[in-house]
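Right, one structure below, let's go through it.
The values are calculated or read from the model by the stated rules, or taken from the named source; none is laboratory data. Every value quoted in this text rests on a predicted model; they were computed, and no experiment measured them. Backbone-built Cβ (ideal geometry, glycine too); neighbour counts: all protein chains shown. Quick note on the areas: whole protein, heavy atoms, side chains included, nothing else; ligands and nucleic acids left out. Shrake-Rupley method; radii C 1.70, N 1.55, O 1.52, S 1.80 Å.
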Amino acid sequence: MPLKDRLDEDLKSAIRAQDALRRSVLRSLRSEVHNEEIAQQKPLDDDDAIIGVISRQVRQRRESISEFRKGNRDDLVQREESELSVLLEYLPQQLTPEEITDMAREAVSEVGARGPGDKGRVMGKLMPMVRGRADGSVVNEVVTGILEAM
């Protein structure tokens with residue numbers, strides 16, 4: 001079942017079950033998908049494009065959680081974490097740090113990186129391979145660590 005159809009079916013189920021949190025998150029996500037379709041002036045039929053929208057939503061939630069923690073707003077942290085858990089259900093299985101490290105080392109050798117100055121080339125090679133399966137900030141840290149150790 002395409003991801004877009006799954007989102008619609010899960011929204012219907014959430015409405016029937018009166019699950020306010022899931023309903024709210026899925027409505028928001030459908031709205032973001034619709035906005036992306038308007039921006040690209042074509043329907044998002046492939047799952048990769050929808051996963052990109054979900055990934056942006058996940059990144060926003062993680063940033064919000066970080067900021068709310070700094071502001072000692074535990075009530076908002078809990079809400080954002082709940083929304084994040086719903087969104088993560090729609091992303092592919094996340095990569096472990098070890099898998100990210102292995103992929104980063106492979107990308108470093110493929111582009112022939114010699115040090116931190118080649119970070120852009122390595123990230124350009126690596127990010128399409130991990131899109132939707134790893135947080136970009138984690139990938140950035142791993143690549144930085146590998147390149148600085150050279």
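For this structure, a couple of remarks:
- Average 1/r across all pairs of distinct alpha carbons in the chain, invert it, and you get the Kirkwood radius: 17.2 Å.
- Cross-link partners of residue 12 among lysines (Cα-Cα below 29 Å; sequence separation of 8 or more within a chain): 4, 42
- ³J(HN,Hα) computed for each position of the stretch 67-78 - Karplus, 6.51 cos²θ - 1.76 cosθ + 1.60, integer Hz, glycine/proline x: 5, 5, 5, 4, x, 6, 10, 4, 5, 6, 4, 4
- Helix axis angle, 3-17 relative to the chain longest principal axis, alpha carbon, degrees: 40 degrees
- Mean separation of Cα contacts under 8 Å (6+ apart) over length of the chain, as relative contact order %: 20 percent
- Helix-derived mean residue ellipticity, 222 nm - over the chain, DSSP H n ≥ 4, -39500 (n - 2.57), to 500: -25500 deg cm²/dmol
- For the stretch 1-121, the solvent-accessible area with a 1.4 angstrom probe is 63 square angstrom per residue.
- The phi-based Karplus calculation (6.51 cos²θ - 1.76 cosθ + 1.60; θ = phi - 60°) puts the 3J(HN,Hα) values of the stretch 96-111 at 7, x, 5, 5, 5, 4, 4, 5, 5, 4, 5, 5, 4, 5, 5, 8 Hz, whole numbers, x for Gly and Pro.
- Relative to the compact-globule estimate of 2.2 N^0.38 Å, the Cα radius of gyration of the stretch 1-87 comes out at 1.17.
- Highest to lowest packing among 66-75, 47-56, scored as the average C-beta count within 10 Å: 47-56, 66-75
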